[in-house]
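*Asks:* Before anything else, here's the structure in question.
The values are calculated or read from the model by the stated rules, or taken from the named source; none is laboratory data. Predicted model only: the values in this text are computed from it and were never measured. Note: ideal-geometry Cβ built from the backbone for every residue, glycine included; neighbour counts use all protein chains shown. Keep in mind that these areas ignore ligands, DNA and RNA; they rest on the heavy atoms of the full protein, side chains included. Shrake-Rupley method; radii C 1.70, N 1.55, O 1.52, S 1.80 Å.
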Amino acid sequence: MTEHPTSHEGRQPLAARSQERARPRQEAAAGLPSDVPAQPGGPAGPTAAATPGADVPPPPPATAPGSPGTMAVAVSAQLQGGGRGGDAVARREGEKLRFVGAATRRIARGIDLDEIVLGLCRATVPTFSDEILVYLRDPLPVGDERPVAPFVLRLRRTDRLRLSDLEGEELVLVPDPDPTPAAELCEVRSGGALAEVLRGVRPVFGDSAAAKAALTELLGPEHPLPGGLRAVLAPLRGRRRVIGAAVFLRRPERAGFEPNDLLVAAQLATHTALGIDKAVLYGREAYIADELQRTMLPDSLPQPTGVKLASRYLPAAETARVGGDWYDAIPLPGSRVALVVGDVMGHSMTSAAIMGQLRTTAQTLAGLDLPPQEVLHHLDEQAQRLGENRMATCMYAVYDPVSHRITVANAGHPPPILLHLGGRAEVLRVPPGAPIGVGGVDFEAVELDAPAGATLLLYTDGLVESRLRDVWTGIEQLRERLAATAQLTGPDHSPPLEALCDDVLDMLGPGDRDDDIALLAARFDGIAPSDVAYWFLDPEDAAPGRARRLARRALARWDLEELTDSVELLISEVVTNAVRYAERPVTLRLLRTDVLRCEVGDDSPQLPRQRRARDTDEGGRGLFLVNRLARRWGATRLSGGKVVWFELATPSHS
């Protein structure tokens, strides 16, 4: 009977009867073909037929050590069975070809490094060898990169199986808990025996002088091969250089390797090395794609006053990790925030690059405090400058927590959904608009109520559209899902944002991932009118004094007298600078949230810059004081001037 089943991943009975199980293992490993009679004087051993459709067909039967060689068996078969010996040899060669074909197909199925190495191990053990050790260069060079010195090989994987007697009448293959010991790392010495074998590329038998020295260097002098093991050392050469080595081992009770087995080992090594080369290149491309997508999207969302934010992004598939979907949240002057979601056509590096340019443009335009429809108009012009057929959809909304209003402009994007505090979900009616990149179209903006406790959901079409449903069916399903989720938290409580985003993504079923998905959720808390103080100041010399008095009264009303001295000093400095250049009334606004925020606006577009004043200068120290005393401060240019703001920690949050 043969000892080489077609696969070791399941139980492979060897058709051994109970009275034959006591037969020596050497006879079991002889592997005589079914049509070749046993040697005279010995019992005839049945053979295990190859399993139809097996992933790796069995190798040619081999004779055990000490028994007549393969050619002697064939001659004996011819003497006893006429011309049947020639048929047996042809069958063995055919089986070997089928084995090589099945093994290379299995190796080629792998898409990453571990899959390819695992495919080599599973294809060869136990069909071709009883054990395999795979060493790969560490680190592996990528493409045309020059490999780093020194040349180090790391043991990537080792597989070994053994026959185990179980209760019953069959023998099965089980993992061997004691594989052949080998060094984890091996530094290949220039001019050494291992380097010479690897340079020769061709597999070699382990009993040659050069191979013995090479194996000792590879496995380590403290890990010599056990006596009787037969070995084949096969270098793994990729497209340009050797990237590793594979060691095939057979136990003493099994026939040794034949010269033709070197050709088999060479085929396996070549396919494995080329597959590893491609896997490393694919891994680098996947890493570049992941990094590109990650850098194109926000690392984290801001925490603007009066609104809470959460987001999600899912690529279309593991094999298409880049896409044109993006989201963003941009703080604006006056405690407002811009909410942006867009989708560039395609799932390629080009789409991601265009998305990055449009996102950067949107951030720049938002910093100019342009109205939403103007932002989309400039994005449309930018998309046309990037080239032909640079199409994208975009939703741009600006939320004002003081007025509890939101202004929305749309460029061909699916409409947002507003989830009210009581659990009612509605699809907002916004003008659809034309996609960005069409050119020659106007965009409209609508202003809607944004009540406190409501949640706005912006998304891309990958969430609601697939091959199984149209976009409007998906939007209605999303609206129903949001309403059902809100019912679970009760009418007086809004669902947590992070859990809400996860629940929305859970509505995706099999076949619903045709496109990448960007999701941005905003919970409107707003700022109560009692926490806002707003004044107009004439641009005159008395304006700083009046600003100090107004601020003192507001702080007393809010029980923040502890901040009076700091606020009066900073307001006096900022208002003095504004009055110096303003021609129209200056605005002063105080906002009380978790911090105290002061905003001073004027019609001069020139932004203040902090500088170091000289000892003889009478001025130039105002912004230095603001920088030292304020928690944060900044200046933003508007379409009609600028706003200078600063924040102070309140006593309860200091």
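*Asks:* When only residues in region 187-210 that are touching a Leu at 6+ places or on another chain (Cβ under 7 Å) and within 22 Å of Leu263 (Cα to Cα) count, which is modelled with the lowest pLDDT? Even if it seems obvious, please write down each step before you answer.
*Replies:* Within region 187-210, the first condition is being touching a Leu at 6+ places or on another chain (Cβ under 7 Å), and the residues that meet it are 188, 194, 197, 203-204, 206.
Going one step further and asking which of them are within 22 Å of Leu263 (Cα to Cα), we end up with 194, 197, 203-204, 206.
Numbers: Leu194: 92, Val197: 92, Pro203: 93, Val204: 92, Gly206: 89.
This residue is Gly206.
*Asks:* Could you tell me which of the residues Leu379, Leu365 is among the aliphatic types (A, V, I, L, M), in contact with a His (Cβ under 7 Å, 6 or more places away or on another chain), in a helix (DSSP H, G or I) and surrounded by 16 or more Cβ atoms within 10 Å (Cβ to Cβ)? Write out each step before concluding.
*Replies:* On the way: Leu379 fails: in contact with a His (Cβ under 7 Å, 6 or more places away or on another chain).
Among Leu379, Leu365, only Leu365 is among the aliphatic types (A, V, I, L, M), in contact with a His (Cβ under 7 Å, 6 or more places away or on another chain), in a helix (DSSP H, G or I) and surrounded by 16 or more Cβ atoms within 10 Å (Cβ to Cβ).
*Asks:* Might you let me know whether region 328-344 holds any residue that is out of contact with any Leu (no Cβ under 8 Å at 6 or more places or on another chain), in a helix (DSSP H, G or I) and open to solvent by less than 40 Å² (accessible area, probe 1.4 Å)?
*Replies:* For region 328-344, residues out of contact with any Leu (no Cβ under 8 Å at 6 or more places or on another chain), in a helix (DSSP H, G or I) and open to solvent by less than 40 Å² (accessible area, probe 1.4 Å): present.
*Asks:* Regarding Pro431, is this residue assigned to a loop (DSSP other than H, G, I, E, B) and surrounded by 17 or more Cβ atoms within 10 Å (Cβ to Cβ)?
*Replies:* On the way: assigned to a loop (DSSP other than H, G, I, E, B): yes; surrounded by 17 or more Cβ atoms within 10 Å (Cβ to Cβ): no.
So Pro431 fails the test.
*Asks:* Looking at Gly323, Gly306, which is the one that is surrounded by 15 or more Cβ atoms within 10 Å (Cβ to Cβ), among the small types (Gly, Ala, Ser), at pLDDT 85 or above and farther than 30 Å from Ala231 by Cα?
*Replies:* Values: Gly323 fails: at pLDDT 85 or above.
Sole residue among the options that is surrounded by 15 or more Cβ atoms within 10 Å (Cβ to Cβ), among the small types (Gly, Ala, Ser), at pLDDT 85 or above and farther than 30 Å from Ala231 by Cα: Gly306.
*Asks:* While we're looking at this one, here's another question. Which residue pairs have Cβ atoms closer than 6 Å, lie 6 or more positions apart in sequence or on different chains, and pair a first residue in region 144-168 that is open to solvent by 40 Å² or more (accessible area, probe 1.4 Å) and of a type outside the set (Phe, Trp, Tyr) with a second residue that is at pLDDT below 65 and part of a loop (DSSP other than H, G, I, E, B)?
*Replies:* Pairs found: Thr158/Pro179; Arg160/Asp176; Arg160/Pro179; Arg162/Asp176.
*Asks:* Right, another one. Taking the condition of being out of contact with any Pro (no Cβ under 9 Å at 6 or more places or on another chain), crowded, with 19+ Cβ neighbours inside 10 Å and part of a loop (DSSP other than H, G, I, E, B), how many residues in region 388-428 meet it?
*Replies:* Total satisfying the criteria: 3.
*Asks:* Keeping to region 434-444, report how many residues are without any contact (Cβ under 8 Å) to a residue 60 or more places away in the chain and exposed (fewer than 14 other Cβ atoms within 10 Å of the Cβ). If you could, list the steps in order and put the result at the bottom.
*Replies:* The first filter runs over region 434-444 and keeps only residues without any contact (Cβ under 8 Å) to a residue 60 or more places away in the chain, leaving 434-435, 437-440.
Narrowing further to those that are exposed (fewer than 14 other Cβ atoms within 10 Å of the Cβ): 439-440.
Residues meeting the conditions: 2.
Per-residue answers, yes or no, for (1) modelled with pLDDT under 90; (2) among the aliphatic types (A, V, I, L, M); (3) not in a strand (DSSP E or B):
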| position | (1), (2), (3) |
| --- | --- |
| Ala452 | no, yes, yes |
| Gly462 | yes, no, yes |
| Leu482 | no, yes, yes |
| Gln487 | yes, no, yes |
| Ser494 | yes, no, yes |
| Cys501 | no, no, yes |
| Met507 | yes, yes, yes |
| Gly511 | yes, no, yes |
| Ala518 | no, yes, no |
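*Asks:* Then there is this: Quick one: Arg597 ticks every box in (1) assigned to a helix (DSSP H, G or I); (2) among the basic types (Lys, Arg); (3) closer than 25 Å to Gly640 by Cα bar one, so which box is it?
*Replies:* (1)
*Asks:* Just give me the residues in region 235-276 being part of a loop (DSSP other than H, G, I, E, B), surrounded by 19 or more Cβ atoms within 10 Å (Cβ to Cβ) and under 29 Å from the mean Cα position of the chain (by Cα), in sequence order.
*Replies:* The answer is Gly238, and nothing else.
*Asks:* Quick one: is Thr350 among the β-branched types (Val, Ile, Thr), within 20 Å of the chain's Cα centre (by Cα) and farther than 30 Å from Arg202 by Cα? Let's see the steps before the verdict.
*Replies:* On the way: among the β-branched types (Val, Ile, Thr): yes; within 20 Å of the chain's Cα centre (by Cα): yes; farther than 30 Å from Arg202 by Cα: yes.
For Thr350, the condition - among the β-branched types (Val, Ile, Thr), within 20 Å of the chain's Cα centre (by Cα) and farther than 30 Å from Arg202 by Cα - is met.
*Asks:* So which residues in region 445-464 are open to solvent by 10 Å² or more (accessible area, probe 1.4 Å) and out of contact with any Asp or Glu (no Cβ under 7 Å at 6 or more places or on another chain), if there are any at all?
*Replies:* Listed by number, the residues that qualify are Ala445, Val446, Glu447, Leu448, Asp449, Pro451, Gly453.
*Asks:* Another one. Restricting attention to region 558-590, report how many residues are in contact (Cβ under 8 Å) with a residue 12 or more places away in the chain and open to solvent by 90 Å² or more (accessible area, probe 1.4 Å).
*Replies:* Restricting attention to region 558-590, the residues satisfying the condition of being in contact (Cβ under 8 Å) with a residue 12 or more places away in the chain are 558, 560, 562-564, 566-579, 581-590.
Applying the additional criterion that residues be open to solvent by 90 Å² or more (accessible area, probe 1.4 Å) yields 562, 581, 583-584.
Residues flagged as in contact (Cβ under 8 Å) with a residue 12 or more places away in the chain and open to solvent by 90 Å² or more (accessible area, probe 1.4 Å) within region 558-590 amount to 4.
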